[in-house]
1. Residues of segment 87-105 being open to solvent by less than 10 Å² (accessible area, probe 1.4 Å) and part of a loop (DSSP other than H, G, I, E, B), which ones?
2. List the residue pairs whose Cβ atoms are under 9 Å apart, where the first residue sits in segment 48-64 and is under 15 Å from residue 81 (Cβ atoms) and free of Cβ contacts under 8 Å to residues at least 12 places away in the same chain, the second is surrounded by fewer than 13 Cβ atoms within 10 Å (Cβ to Cβ) and charged (D, E, K, R), and the two are 6 or more positions apart or on different chains.
3. What is the one condition in (1) part of a strand (DSSP E or B); (2) open to solvent by 80 Å² or more (accessible area, probe 1.4 Å) that residue 108 does not satisfy?
4. For residue 59, which of the numbered conditions (1) at pLDDT below 95; (2) over 18 Å from residue 4 (Cβ atoms) fails to hold?
5. Checking the condition at pLDDT below 95, open to solvent by less than 50 Å² (accessible area, probe 1.4 Å) and under 14 Å from residue 3 (Cα atoms), which residue from 28, 19 passes?
6. Could you give every pair whose Cβ atoms fall below 7 Å, whose first residue belongs to segment 1-25 and is basic (Lys, Arg), and whose second residue is assigned to a loop (DSSP other than H, G, I, E, B) and open to solvent by less than 60 Å² (accessible area, probe 1.4 Å), counting only separations of at least 6 or pairs across chains?
7. Is there a residue being open to solvent by less than 20 Å² (accessible area, probe 1.4 Å), of a type outside the set (A, V, I, L, M, F, W, C) and part of a loop (DSSP other than H, G, I, E, B) anywhere in segment 64-86?
8. Among the residues of segment 37-54, which ones are over 13 Å from residue 77 (Cα atoms) and surrounded by 11 or more Cβ atoms within 10 Å (Cβ to Cβ)?
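The values are calculated or read from the model by the stated rules, or taken from the named source; none is laboratory data. Since the model is a prediction, treat every value here as computed from it, not as a measurement. When we count neighbours, we look across all protein chains shown, and the Cβ atoms used for this are built from the backbone with ideal geometry, even at glycine. These accessible areas exclude ligands, DNA and RNA; they are computed on the full protein's heavy atoms, side chains included. Shrake-Rupley method; radii C 1.70, N 1.55, O 1.52, S 1.80 Å.
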Amino acid sequence: VQLQASGGGLVQAGASLRLSCVVSGGALRSYTITWFRQTPRRERGFVAAITWSGGTYHEDSVKDRFTISRDNAKNTVSLQMNSLKPEDTGTYFCAAGRPIVSAIKDSSMYYYWGQGTQVTVSS
């Protein structure tokens, strides 16, 4: 299974971006797909997840601004990011796995990872 992340960029605070994660070599509907964010000062942190059944989870700081969705027909998971803030800056990775819900935020539960896409939000 391969994941290809795209959609990052350099934007000003308040702008929007839409990240995409295209899954190939496997059926998207078989996996939970999760976005993690990595910054120089911290390990990869949970951002949002969507389960194989369509359940969604968002980290508290983004849940009113970011929305994760999936299109199984296109094997794509998207992360719509609105009202971006400088603290959203980082490299965003999508990952595929089959974690139980209580472990959905644990990056070690994921088998496959995309290459990351950089998001930079200037103030």
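1. Passing the criteria: only 104.
2. Hits for this filter: 58/64.
3. So residue 108 meets the others, but not (1).
4. Single failed check for residue 59: (1).
5. Only one candidate passes the filter, namely 28.
6. Listed pairs, sorted by first residue: 18/7.
7. no
8. 37, 38, 39, 44, 45, 46, 47
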